[in-house]
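There's a structure below that I have some questions on.
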Amino acid sequence: MHARAFMHTSFSEINETEIFARIQLELVNRYGVDEKLASEMAWDFIEILTAVDGNIDIFDKYFLQ
């Protein structure tokens, strides 16, 4: 699960892993998604944001509160 955290270089691994955990938690708690599926969805979302040069910090600030 955390092995993917080392694939991206646009932001630190610690920050990416923390964001991953928060996205996964939101998916599980807010939407009732299975934990394993939420894990895959969170990594896919991070990969998409990274691919389009999305700003993870803005996403964290405004959507993961």
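Starting from segment 16-28, take each residue that is closer than 22 Å to Asp53 by Cα and list its partners that are of a type in the set (Asp, Glu), counting only C-beta distances under 7 angstrom and pairs at least six apart or across chains.
Ile19/Asp60
While we're here: Would you pick out the residues in segment 12-37 that are open to solvent by less than 40 Å² (accessible area, probe 1.4 Å) and more than 10 Å from the chain's Cα centre (by Cα)?
The answer is Leu27, Val33.
Go through segment 21-60 and give me each residue that's at pLDDT below 85 and outside any helix (DSSP H, G or I). Give the derivation first.
Residues of segment 21-60 that are at pLDDT below 85, as a first pass: 49-60.
Passing the criteria: Val52, Asp53, Gly54, Asn55.
The values are calculated or read from the model by the stated rules, or taken from the named source; none is laboratory data. Quick caveat, the model's predicted, so the values are computed rather than measured. Virtual Cβ from ideal backbone geometry, glycine too; neighbours counted across all protein chains shown. The protein model used for the area step is the full one, side chains on, heavy atoms only, and it has no ligands, DNA or RNA in it. Shrake-Rupley method; radii C 1.70, N 1.55, O 1.52, S 1.80 Å.
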